[in-house]
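Reviewing the structure listed below.
The values are calculated or read from the model by the stated rules, or taken from the named source; none is laboratory data. As the structure is a computational prediction, the values presented were derived from the model and not from experiment. Virtual Cβ from ideal backbone geometry, glycine too; neighbours counted across all protein chains shown. All accessible areas refer to the heavy atoms of the entire protein, side chains included, with ligands and DNA or RNA removed. Shrake-Rupley method; radii C 1.70, N 1.55, O 1.52, S 1.80 Å.
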Amino acid sequence: LCNTAQEIRAYLCDNSTVNTSDFVLRRYIYKYHPELFVDIDNYEVLSQDFYHAWPDNILEQVAKQLSNISKKKHGLNFSKKTWSDYLKGTKVKIRNKVFQMAFVLQMDVESTLELLLAYDMEPYSVRNPLELVCTFCQKNPYKYTWRDVEDILKCYEEGIKEESPTEQKPTIGKTQLIEMELEKIFK
């Protein structure tokens, strides 16, 4: 890819390819949610370097708005401090929190995958009902809220209880088969 040590170093130091969780979140928010910066003067300066944390006043304002959106629209209890911590790079310990963040930010599957990888987490698992529901909902990121995810998951779990599935032995390649047939399953 690169011919010289200088080119390699320049590539590794290029902020546009950095993939820390706080960097991914700030870059995504700046790009897809300019409405969060309405009352902030000269917010365009933020785009010059996502690698460095935003000034405290901007961070606090964005975190407050995200906290309000989390509660009102999605029924999630993400405090302003929690959002502020995530925007500063605090590690998420519970995988579901990443999906909840993604729904608050209206991320699609690819953006959520980038966030999962930034948190050193595995990609989506189609065998996990919650993650399958998230994948389905994130095909239309502006259509569904976290409340919808919970409702769909509840319907799924009730359906499983009603059916008495026959026990199946795991087969090699079943996950790959599910992934290849995902669009048919969603329809």
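Ligands, DNA and RNA left out, the 1.4 Å accessible surface of the chain is 52% carbon and sulfur atoms. Taking every alpha-carbon pair under 8 Å whose residues sit at least 6 apart, the chain reaches a relative contact order of 19 percent.
Loop exposure criterion: GluC sites (Glu not before Pro), DSSP state outside H, G, I, E and B, at most 11 other Cβ atoms within 10 Å. Applied to the chain, the longest stretch between such sites is 1-162. For the residue pairs Lys64/Lys139; Lys31/Lys143; Lys143/Lys187, the C-alpha atoms sit more than 21 angstrom apart in Lys64/Lys139. Mind running the shape call on the range 6-106? Use the C-alpha gyration tensor, a ≥ b ≥ c as the square roots of the eigenvalues: rounded below 1.5 for a/c, prolate if a/b tops b/c, oblate otherwise. Since a/c reaches 1.5 but b/c is at least a/b, the shape of the range 6-106 is classed as oblate. Using the rule -39500 (n - 2.57) for each DSSP H run of four or more residues, divided by the residues of the chain, the 222 nm mean residue ellipticity is -17000 deg cm²/dmol. What residue among Tyr144, Tyr43, Tyr28 shows peak mean-square fluctuation when the chain is described by a Gaussian network model with Cα springs under 10 Å? In this elastic network of the chain, the residue with the biggest mean-square fluctuation among Tyr144, Tyr43, Tyr28 is Tyr43.
The structure-derived value of log10 I(q)/I(0) by the Debye sum over Cα atoms at q = 0.08, 0.17 Å⁻¹ appears in the list (1) -0.33, -1.14; (2) -0.38, -1.33; (3) -0.25, -1.14 under the label (1).
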